[in-house]
Structures are given as C-alpha cells and as structure tokens.
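Accompanying notes for the structure given below.
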Amino acid sequence: MLDVVGQDADGELLAEPTEWEAADHGPPPRIALLPQRSRDAGPVAGIGDTVLAKLTRVDQEDGAPAWIGHVVKVLPRKATRIVGLFRAFEGGGGRIEPVDKKSLGKEWRVRAGDEGAAEDGDLVALDVPRAGRLGAPFARVREVIGSLASEKAVSIIAIFAHGIPHVFRRDALAEADAANPPTLAGREDWRGLPLVTIDPADAKDHDDAVHAASDTDTANPGGFVVTVAIADVAAYVRPGSALDREARERGNSVYFPDRVVPMLPERISNDMCSLKPGVPRAALAVRLIIGADGSKRGHSFHRVLMRSAAKLTYPQAQAAIDGHPDDATGPLLAPVLEPLWAAYRALRVARDHRSPLDLDLPERKLLLTRDGYVDRVIVPPRLDAHRLIEEMMIQANVAAAETLEAKRVPLIYRVHDAPSPEKLNALREFLKTLDISIAKTGNLRPAQFNQILKRVKGAANETLVNEVILRSQAQAEYARDNYGHFGLNLRRYAHFTSPIRRYADLVVHRALIRALALGTDGLTDREVADLEETAAQISTAERRAMHAERDTVDRLIAHFLSAQIGATFAGKINGVTRAGLFVTLTETGADGFVPASTIGNEYFRLDEPRRAVVGDRTGTTYRLGDAIEVRLVEAQPVAGALRFEIISGDGTARSPRSRTAYSSGSRPHRGRVEEGKRSNRRDRT
C-alpha cells in the first residue's frame, strides 16, 4: 500500500510506502507510480491518495526512483482518524493525547460540545478535519471506545488505531450459524486413519493434522507416506458469500497476547473447521511420498472425511518421544508418533541439503495476569515437535503450488524476494567491520548467509549478525506472479495449510478444488480475474496485523515497566540512527529509545557502514549490538513508548536536555525467516 506524495519534474506521480520501518531502513524510498492499465480500472490516482500497487525494481540512474509501482486499485479516501486518550477540561471540551508513537508530543483540542459522551480517561476515536500547517489542531470525538481500566483495553487500542475489522456482520454470522456437519458426499472416507493435531497448549482452533507411515512400495525403500490434512474451510465459505466478503476484508486472523480477532466466526473456526478428536470433520488432504533421503517423490490431493485420533500439544508430543509419555501419548507412541519423527528425520536431511536461511533469534512470549497485563516474559524452548510440524506444512505448501502450476490454474503464491543490491552493499560494508567478507558481485544464496551465521555461532556478536542479516532481507508477501521464496530456498511456494486464519490459503484450497474437480465450490472466474488485487489486499492486511500485534506488545511491556522508573537494566543496541539509539532490554525484550541529545557531553555523528554513533571529542562509540546498561527515564504505556538514558562507567547518567522522548519510527523488526506453522500461530515471512 502506497501514499501518493507528489510529482517529479515530468509530472509523474511519486509515492511512498504507507508503512515504513525507519529504524531498519532509513528514509522511505520514492516510487515512480504508473497509472492503472485499463480505462475501466476505476478512479485515477492523485496526490493525497492511497493506492494498492505492484512494485517492480529498476536500475537506479541519476537519482531516479529505484522502484516503479503499477497501480492496482485506488483506495477510497477517508477522513483522518486518530485514537487517543481524552482529558476533560472543567466546563466542557478537553484535549486528546495520541496513542501513536509517531504523534507523541502532539495533542488535539476538543471544543465544548464536541466531546460527545467521552469522560476523562476514556479511550476515544476522533476525526481530525484536513487542515494546512497553520490550521488549528482541533478534533471531534467520533466514538467512545471505552475506559483503559477495562479488560483487554490494550489490544482494543491497536484494533481501532490500525482499523482492524473486529465485529462480524449479521449476515456473516447467520451463514456461520447455518453451517451443517459434513457428510461423506463427494469425499473419501479417511476416518480410520489415525491423524493427530499437534498445537500450542493455548490453541483454540486445530486446523491441521498429520500422519506418517513407512512406504510399503518396494520402489521407495526406506521411504515414507506423510499425510497432511487441513480443515476444509472452502466447504463452508463459498465464493461471493457474506462469510467470504468478511474473510477477504480481514485477510487474516490477528493474534494479540490477550485475545484473537479471527478471520472467521467461531462457529466456523473453533467448531465446524476445528479438527476435534473423535469428531468427523471435512478436510482437504495431501498424501506426500517421501524418499529415504527426505526428497518428495510424489503427492496427491484428496477431499476427505477424517476423524482426529488425538489433540496433542508440542511439549506433550516431544516429551513422549523423549521417553516420557503420558496417558494420552502412551498408546500413540509406537503406531503414530515414532513414524512421524522417523519421517521428520528424513525430511530434515533434505532441508539441510536445501539450506534455507537459518536465523537463530529468540522469540519471547508474554504471560498475562487475569486482568490482561504482563505477569512475566519468557522465551519458550524451540522443540523438534515445532520443527516437525513446520517442515510437514512446508512440504504440503510446495505440493499445492506444484499441483496448481501443473494444472495451469492461477493461484496466489507466497513469495520472498532476494535482498536488494542496496541492502547487500550495506550488509557487506557492515560485515567488513567484523572482518567477515562476502562476494562483491552477484546475488547471495541462503546457504552463503548460513555460512556466515555458522562462523559467528557462539561468538559475542552472534545475535548482532543474526539481526543484521534479518534486516537485509526483503519482506515476504502474496502475489499472483511467482518469483520464488528466497528465505526457504524454494522455487514455488503457496500457503495451503491454514485457511481458518489466512485468506490466501482459502484461495489456494478453492484453486485445488477447481484444478482437480473436487467439487462445485472451487475458484470462480471472477476470483481468477481479481487475484492480483486480492494478493495486494491481503498482503496489506498482513502488514496491518503485524504492526497491531507489535504495538500491543509494546504497550503491555511499557505498562509492565512503568512502575520501575529510575531502575537500571541490561540491554543491547538494536538500532542506530541520527536521532538516537534503539535499545532492547535483555530480560524482557522491551524496546526503547535513547535520544541522541542525551547520549553524552559531546556531539555524536552517525557512522553508517559501522552502524554506530561516534563522539566528536572523545571518540566514544556506541555500535549496533553493543551491550549497555540503561536507566528507564520515562514510560508511556498508552503509546507503548519507553525512554532510556545510558549509564556511564561510574553509574551516572547525563540528564536529558529535552523531553522529546521517543523516536518517530517504530522499533526494528525482529523475527524468524521461516514458513509453515509456528508455535505462536503467526507466519512472519
């Protein structure tokens, strides 16, 4: 999604990304915008519009934009909507404190009579009329969202601030309530196959099940037959229905620490399409023929009626394999779990040979109190049970893309581009400061990145190098046109394994139904024509969800730390900009900012190749990845913002000259470049 911001000397429109991580990438790129491709494409884009666009990289010449955007759709203009905290004045009216980090230091006045039913301390949504720079910053309360003292108020802020649809329309709920249990009509009977679900302990829906057995075919000695069954959401969510329109608009489920905003009503996601043990459920399944070396030798898709044999958690399944079965896993150990692990060991050999990007960055999880605030922060262990499910989901996703390509049925790919030349050059310069060299020409492959990661394994700069390599990567997205998945080192890849929570997967299910003549509810011609727009829309929805989830975590942790003003913490520098330093605390993973004006009693200059700031007088250097000790100076829980100051060797810290406490950008993105099913139920790439 792009914002049209101006014109070049030739009158061509220029745009910038609507969402941009300044801490990671610096200033947003300027994108030369091409008009819609046909006369009936709808409204023509103009300055001030927001558009969905397909981006193409071009050679940069004479300072011209390095990207061209082909407009897919001009989005309707909306009045600027802000979410903030209302502070009432005596006699009426009041002011609004914003909840967005980028707006900190600003506020909006509310005239008497424009506050509606808002009371002091309420979280409100407000409309800000468009005005010039000299226009008065007045606003009108549009809606009272609720009190910040209410349960789950923190995630409500993100839901409204990011415009996430969270209330289902009546017609969609009516369709969900009318759903009937599945029958055998048009399906194969797989109820006797002991498929099992393996999920996080707190999962509420169980949309994928797995099974493995030794292949009895003498042509595949030592091989396996792996089955992945996915809830048949397409049987309930038909093209053009109210449920379909709702799901397409939402794009995906959104996972907050205290709640889930589902893509589909609970009647579908937690009931009819949840693969509950002992209950017949409709599924779309793929049977994978795996060689002893882990290579996929063939596959076939089936529309089935299945019955899950057990609902297991990751730790529970892992404990059974490690020699500690319980009452549920004991009877399943030999016939079900051990064959699954044997098949996974073979798949792991093929994965290692393929050498996908293998970043190692811990993911923290917030454990909340009953009132929805942080109790503590943990780093859950990474188990083979997680990796087993992920690898089997990846193989199913590859099979889906291969089948649709072979049948010449259009689909939405999950694509991940190689790092841009600009990012590779920046990475090359940074690694040079660590005495690590990489090729000066040509594109790097994931295996070459992995060699660098192996070289720093166990070293003091291991986390730093993982972070920098992650930041050099492009962002994954959905697209009708395939350009491969760089991170997974796969030529073709599609999301098939979770249509309950991702609209892209539902589209792929419908495409398979159409391609293999598995029913009358497959992908329609109208959907095929709209695939490019659908891909752009759900990519935008995914980024929206990621920002909302991250903002909520920031707010919860800021609330958690707000009682510890003045306390000192160990941390690491995870971002270096001219404005100051981004710092991540070691224990909680909390992210905060150290303004440049508070770093020391001298002027600090940015050294971009070294990812550092250097003092003019003393040469004191603060570099990306440095371990430092900081003091918490200020916390704003509503905005999720923390301000730190650096503790010097004698335990003192320079007092800030300014109360401009926070960065105008978001924290650097952290995560794993990995696909398939995640323990936290979110795919980041």
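What follows draws every value from the coordinates through simple rules; no lab data is involved. This structure is a prediction, so every number in the text was calculated from the model and none was measured. Glycine gets a Cβ as well: all are built from the backbone with ideal geometry, and neighbour counts include every protein chain shown.
Rounded to the nearest 500 deg cm²/dmol, what is the calculated helix-only ellipticity per residue at 222 nm for the chain, with -39500 (n - 2.57) per DSSP H run of length n ≥ 4?
-7000 deg cm²/dmol
Between residue 58 and residue 202, with labels modelled 7 Å along Cα→Cβ, what's the label distance in nm to one decimal, could you check?
Here the modelled spin labels are 4.8 nm apart.
Compute the relative contact order of the chain as a whole-number percentage, counting only Cα pairs closer than 8 Å that sit 6 or more residues apart in sequence.
Once divided by the residue count of the chain, the mean separation gives 13 percent.
Considering the alpha-carbon set of the stretch 128-235 alone, what are its Rg and its Dmax in angstrom?
25.2, 80
I'd like the distance separating the alpha-carbon centroids of the stretch 184-254 and the stretch 474-490, in whole Å.
Taking the Cα centre of the stretch 474-490 as reference, the centre of the stretch 184-254 is 23 Å away.
Mind checking the dipole of the chain: about its Cα centre, +1 per Lys or Arg Cβ, -1 per Asp or Glu Cβ, Debye to the nearest 20?
Computed charge dipole of the chain: roughly 460 debye.
Residue farthest toward the positive end of the dipole of the chain, with Cβ of Lys/Arg at +1 and Asp/Glu at -1: which of 125, 615, 630?
615
Of 499, 476, 450, whose Cα points farthest to the positive end of the dipole of the stretch 415-523 (charges on the beta-carbon: +1 Lys, Arg; -1 Asp, Glu; origin at the Cα centre)?
Highest projection toward the positive end goes to 450.
Would you kindly calculate the mean projected area, averaged across all directions, of the convex hull enclosing the Cα atoms of the stretch 199-287, in square nanometres?
Convex hull of Cα atoms, orientation-averaged projection: 8.0 nm².
How much FRET efficiency would the formula 1/(1 + (r/R0)^6) give for residue 16 and residue 483, where r is the Cβ-Cβ distance and R0 is 30 Å, rounded to 0.05?
Step by step, r from the Cβ atoms, then E = 0.85.
Using the Karplus equation 6.51 cos²θ - 1.76 cosθ + 1.60 (θ = phi - 60°), what ³J(HN,Hα) coupling, rounded to whole Hz, does each residue of the stretch 577-588 give in order, writing x for Gly and Pro?
Per-residue couplings from phi come out as 9, 5, 6, x, 10, 8, 10, 10, 6, 5, 6, 9 Hz.
Can you give me the convex hull volume of the Cα atoms of the stretch 174-228, divided per residue and expressed in Å³?
Here the figure is 133 Å³ per residue.
So what's the convex hull volume per residue for the Cα atoms of the chain, in Å³?
Per residue, the Cα convex hull of the chain comes to 187 Å³.
For residue 445 and residue 300 in the same chain, what is the full-extension length gain: residue separation times 0.36 nm, less their Cα-Cα distance, in nm?
49.1 nm
Please turn the phi angles of the stretch 629-643 into ³J(HN,Hα) values with the Karplus equation 6.51 cos²θ - 1.76 cosθ + 1.60 (θ = phi - 60°), one per residue in order, whole Hz, x for glycine and proline.
Karplus-based 3J(HN,Hα) across the stretch 629-643 equals 10, 10, 10, 6, 9, 8, 9, 10, x, 5, 8, x, 10, 10, 10 Hz.
Which whole-number percent is the relative contact order of the stretch 472-606 (Cα, under 8 Å, 6+ apart)?
Rounded, it is 13 percent for the stretch 472-606.
Please tell me which of these pairs span more than 21 angstrom C-alpha to C-alpha: 152/365; 296/407; 101/423; 54/407?
Exceeds cut-off: 101/423; 54/407.
What's the Kirkwood radius of the stretch 418-458 in Å, using all Cα pairs?
In the stretch 418-458 this quantity evaluates to 10.7 Å.
Given a cut-off of under 8 Å on Cα pairs at least six residues apart, what relative contact order in percent is computed for the stretch 145-223?
It rounds to 13 percent for the stretch 145-223.
What are the ³J(HN,Hα) values, in whole Hz, obtained from phi via the Karplus relation 6.51 cos²θ - 1.76 cosθ + 1.60 with θ = phi - 60°, for each residue of the stretch 280-290 in sequence order, with x given for Gly and Pro?
Result, ordered by residue: x, 9, 6, 8, 10, 10, 10, 9, 9, 9, 10 Hz.
In terms of modelled amide H atoms, which long-range or inter-chain residues lie less than 5 Å from the amide H of residue 313?
199
Pick out, from 388, 291, 639, the residue whose Cα sits farthest towards the positive end of the charge dipole of the chain, with +1 on the Cβ of Lys and Arg and -1 on the Cβ of Asp and Glu.
In the chain, that residue is 291.
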